[in-house]
Ligand SMILES: Cc1cc2nc3c(=O)[nH]c(=O)nc-3n(C[C@H](O)[C@H](O)[C@H](O)COP(=O)(O)OP(=O)(O)OC[C@H]3O[C@@H](n4cnc5c(N)ncnc54)[C@H](O)[C@@H]3O)c2cc1C
């Protein structure tokens, strides 16, 4: 039986939620595809995470515990993953469809003769090959595609597209990878890493709830209101590009085509028009709530719940009501 590899995206020694979602999706389709699920862990900490990875369906865990596998430089990760493909003979790789890992996946594809499909939100198996669905053009269309026969299927899975269900499996067999890095992969060295401290709020790519603000806030003080709302909801705070370009909120919180892609259970946008480039980063949110004073704002076309009005009247009342309910 051939193997399906899931590249585990991890931080602080623990698999990220999306990695568990990918493992569950792989385990759910393993019988149809006639594959066994194996995980790949690049960097330190594989053995500590093995039980969690096994519980989500992987029977084997390839790991490369090297200083070079820290994940801040792309090429060592490409070569680590390539070593896992060589060791396993796998024909399918699932990866987290984030900007960084997309970079790894595209370089890998060139080396192994693979085809990449990113931002996958749905999967099925036909004739032993994976068929993927994804939203394009800001969610206006859904495409269905598959990697051509004879090429390694490299599939980037979108956040929150699949549930992270533990199948309850045993700890996987640990297999150490032998990675012989090329000269190019060792050319760049990380000198220091400084973690961005963002109060106690969750990262927007992982948060179940994201509160986002746009140009309609009028100035940077408006983000204090967004943060108040976020804190009462336990949410992360994001922004449109108009707001980050204006310097009202750091660029790392920008949502959209040239920013972060999020897919929370609840997205709550205030003073955001819903330009196609913004929608590209949040349209797969499960519930979209928009506050905008313009009833014609495009964001209302994709909102599940829309409030037409001045955000400075609505949001403070919302914060007050939520605080009262919280007690
Ligand atoms: C190549 C390219 C890439 C891009 N990438 C991104 C990206 O990644 N992310 C992104 O967000 N944008 C991106 N953009 C920019 C995008 O096209 C829009 O310009 C941007 O999203 C607009 O931000 P906004 O909705 O905050 O501002 P606006 O479009 O100006 O909308 C502000 C909204 O606030 C409302 N409003 C004003 N005052 C209030 C009030 N008091 N109460 C309630 N509502 C109010 C208005 O009615 C309006 O709808 C990109 C553009 C290009 C060309």
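Each value in this text was obtained by applying a stated rule to the coordinates, not by laboratory testing. Just so you know, these numbers come straight off a predicted model, no measurement behind them. Cβ placement follows ideal geometry from the backbone for every residue including glycine, while neighbour counts extend to all protein chains displayed.
Of note:
- Reduced Cα scattering model of the range 209-326, Debye log10 I(q)/I(0), q = 0.14, 0.16, 0.21 Å⁻¹: -0.48, -0.64, -1.17
- Three-way shape call for the range 1-90 based on the alpha-carbon gyration tensor, with the a/c threshold at 1.5: oblate
- Under the shape rule built on the C-alpha gyration tensor, where the axes satisfy a ≥ b ≥ c, the range 144-268 is prolate, since a/c reaches at least 1.5 and a/b is greater than b/c.
- By the helix-only formula, in which each DSSP H run with n ≥ 4 contributes -39500 (n - 2.57) and the sum is divided by residues, the chain has a 222 nm mean residue ellipticity of -9000 deg cm²/dmol.
- Least to most buried among 107, 124 (fewest other Cβ within 10 Å first): 124, 107
- Once the mean of 1/r is taken over each pair of separate Cα atoms and inverted, the range 2-186 shows a Kirkwood hydrodynamic radius of 16.1 Å.
- Whole-angstrom gap from the range 40-59 to the range 171-215, using each part's C-alpha centre: 16 Å
- DSSP beta bridges in the chain [antiparallel fraction, %, rounded to 5]: 20 percent
- Computed from Cα positions, the angle between helix 46-55 and the longest principal axis of the chain comes to roughly 80 degrees.
- If you wrap the range 83-161 in the convex hull of its Cα atoms and look at it from every side, the mean projected area works out to 5.5 nm².
- In terms of its alpha-carbon gyration tensor, the chain comes out prolate; a/c meets the 1.5 threshold, and the first ratio a/b outweighs b/c.
- The range 120-137 versus the range 223-279: alpha-carbon centroid distance in Å: 29 Å
- Helix 99-112 and the long axis of the chain differ in direction by around 30°, with both axes built from C-alpha atoms.
- Relative contact order computed over the chain (Cα-Cα under 8 Å; 6+ residues apart), in percent: 15 percent
- Acute angle (nearest 10 degrees) that the helix 222-233 long axis makes with the longest principal axis of the chain, alpha-carbon atoms: 60 degrees
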